[in-house]
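Novice: Let me give you the structure first, and then I'll get to my questions.
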Amino acid sequence: MPALQTPRLSLREFEPEDLDALATILSDPETMRYYPAPLDSAGVADWIQRNRTRYAKDGHGLWAMTLNSSGELMGDCGLVHQNVDGADEIEIGYHVRRDLWGQGFASEAACAYRDYGFAALRVDRLISLVRPENLASRRVAEKTGMTIWKEVISANLLHCVYAIQA
C-alpha cells in the first residue's frame with residue numbers, strides 16, 4: 001500500500017528506527033490507559049514488527065503518522081484484521097501523541113483510511129473497537145461516520161464496536 005497523504009499528515013510504513021518516537025506514544029500511561037498496560041521498549045519493537053508482518057501478509061496494518069510540516073512521527077493509524085465474535089473484521093485503529101490531542105489528527109487519518117478501505121480493499125464494513133469510557137476515541141469513530149453496532153468483550157474488556165457500511 002502506498003503512503004497516504006492528508007492536508008496535514010503523511011502515513012507510511014513503520015521502520016525499526018521509529019522505536020524511540022513511537023515509544024513516547026505507546027509507553028505513555030495516559031495515552032494507553034484504555035489498554036491493559038503501556039508498552040515497554042520490547043513491546044514497542046514487537047508492535048513495529050507485527051505491523052511490518054501485516055504489511056507483507058495483508059497489504060495493510062497500522063502505519064506511522066507524521067506531520068507534513070516537520071516529518072515528525074506523532075502517532076499511528078491504519079487498518080488491521082480483528083476477530084469480533086468469530087468474524088474477521090477490518091478495524092481502523094489510531095493513536096496520537098498526547099501533546100497533540102484535540103487537534104483532529106486522529107479523525108483526519110481515520111477518514112483517509114476509511115476512504116482507502118472502501119476504495120482499495122472493497123470491504124463492505126469497517127469497524128473501530130473502542131472502550132466505552134474512551135470518549136475521545138468514540139468521537140473519532142463518529143467523525144468517520146461510524147455508529148455503535150454492538151458491544152463485545154475483547155481482551156477481557158468491554159468494547160463498543162463502531163461500524164460503517166460501504
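The values are calculated or read from the model by the stated rules, or taken from the named source; none is laboratory data. Please read all numbers here as calculations on a predicted model, not as lab measurements. Counting neighbours? That spans all protein chains shown, and the Cβs are built from the backbone with ideal geometry, glycine included. Surface accessibility is based on the protein's heavy atoms, side chains included, excluding ligands, DNA and RNA. Shrake-Rupley method; radii C 1.70, N 1.55, O 1.52, S 1.80 Å.
Novice: Looking only at region 33-54, count every residue that is closer than 15 Å to Gly93 by Cα and either out of contact with any helix residue (DSSP H, G or I) (no Cβ under 9 Å at 6 or more places or on another chain) or crowded, with 17+ Cβ neighbours inside 10 Å (or both) and tell me the total. Write out each step before concluding.
Specialist: First pass over region 33-54, keeping only residues closer than 15 Å to Gly93 by Cα: 34-35, 47-48, 50-51, 54.
Narrowing the set further to residues that are either out of contact with any helix residue (DSSP H, G or I) (no Cβ under 9 Å at 6 or more places or on another chain) or crowded, with 17+ Cβ neighbours inside 10 Å (or both) leaves 47-48, 50-51, 54.
Number satisfying all stated conditions: 5.
Novice: Determine whether Ala120 is in contact (Cβ under 8 Å) with a residue 24 or more places away in the chain, in a helix (DSSP H, G or I) and hydrophobic (A, V, I, L, M, F, W, C). Don't jump to the end; show me each part of the working.
Specialist: On the way: in contact (Cβ under 8 Å) with a residue 24 or more places away in the chain: yes; in a helix (DSSP H, G or I): yes; hydrophobic (A, V, I, L, M, F, W, C): yes.
When the stated conditions are applied, Ala120 passes them.
Novice: Of all residues being polar (S, T, N, Q) and part of a loop (DSSP other than H, G, I, E, B) in region 123-166, which is farthest from Ile92 (Cα to Cα)? Just the residue, please. Even if it seems obvious, please write down each step before you answer.
Specialist: Of all residues in region 123-166, those polar (S, T, N, Q) come to 128, 134, 137, 144, 147, 154, 156, 165.
Next, from what is left, pick out any that are part of a loop (DSSP other than H, G, I, E, B): 134, 144, 156.
Numbers: Asn134: 15, Thr144: 10, Asn156: 20 Å.
That would be Asn156.
Novice: Just to be sure I understand the filter: pairs with C-beta atoms under 9 Å, separated by 6 or more residues or on different chains, first member in region 72-92 and touching a residue at least 24 places away in the same chain (Cβ under 8 Å) and among the β-branched types (Val, Ile, Thr), second member assigned to a loop (DSSP other than H, G, I, E, B) and surrounded by fewer than 18 Cβ atoms within 10 Å (Cβ to Cβ). Which pairs pass?
Specialist: Correct list of pairs: Ile90/Val123.
Novice: Given Leu129, Leu62, Leu79, which one is open to solvent by less than 20 Å² (accessible area, probe 1.4 Å) and touching a Cys at 6+ places or on another chain (Cβ under 8 Å)?
Specialist: Values: Leu129 fails: open to solvent by less than 20 Å² (accessible area, probe 1.4 Å); Leu79 fails: touching a Cys at 6+ places or on another chain (Cβ under 8 Å).
Going through Leu129, Leu62, Leu79 in turn, just one is open to solvent by less than 20 Å² (accessible area, probe 1.4 Å) and touching a Cys at 6+ places or on another chain (Cβ under 8 Å): Leu62.
Novice: Would you call Tyr94 hydroxyl-bearing (Ser, Thr, Tyr) and in a strand (DSSP E or B)? Full working, then the answer.
Specialist: On the way: hydroxyl-bearing (Ser, Thr, Tyr): yes; in a strand (DSSP E or B): yes.
Here the answer is yes, as Tyr94 does meet what is asked.
Novice: Could you list, in sequence order, all residues of region 140-156 that are among the charged types (D, E, K, R), open to solvent by less than 100 Å² (accessible area, probe 1.4 Å) and under 24 Å from Val96 (Cα atoms)? Full working, then the answer.
Specialist: Step one: list which residues in region 140-156 are among the charged types (D, E, K, R), which gives 142-143, 150-151.
Adding the requirement that they be open to solvent by less than 100 Å² (accessible area, probe 1.4 Å) leaves 142, 150.
Within region 140-156, just Glu142 meets the criteria.
Novice: Something else about it: Do we have Glu89 as at pLDDT 95 or above, open to solvent by less than 60 Å² (accessible area, probe 1.4 Å), within 15 Å of Tyr162 (Cα to Cα) and among the charged types (D, E, K, R) here? Reasoning before the result, please.
Specialist: Working: at pLDDT 95 or above: yes; open to solvent by less than 60 Å² (accessible area, probe 1.4 Å): yes; within 15 Å of Tyr162 (Cα to Cα): yes; among the charged types (D, E, K, R): yes.
Judged against the criteria, Glu89 is a match.
Novice: Could you grab me the full set of residues in region 94-126 that are under 17 Å from Tyr35 (Cα atoms) and open to solvent by less than 20 Å² (accessible area, probe 1.4 Å)?
Specialist: The initial filter retains those residues of region 94-126 that are under 17 Å from Tyr35 (Cα atoms), namely 94-98.
Listed by number, the residues that qualify are His95, Val96.
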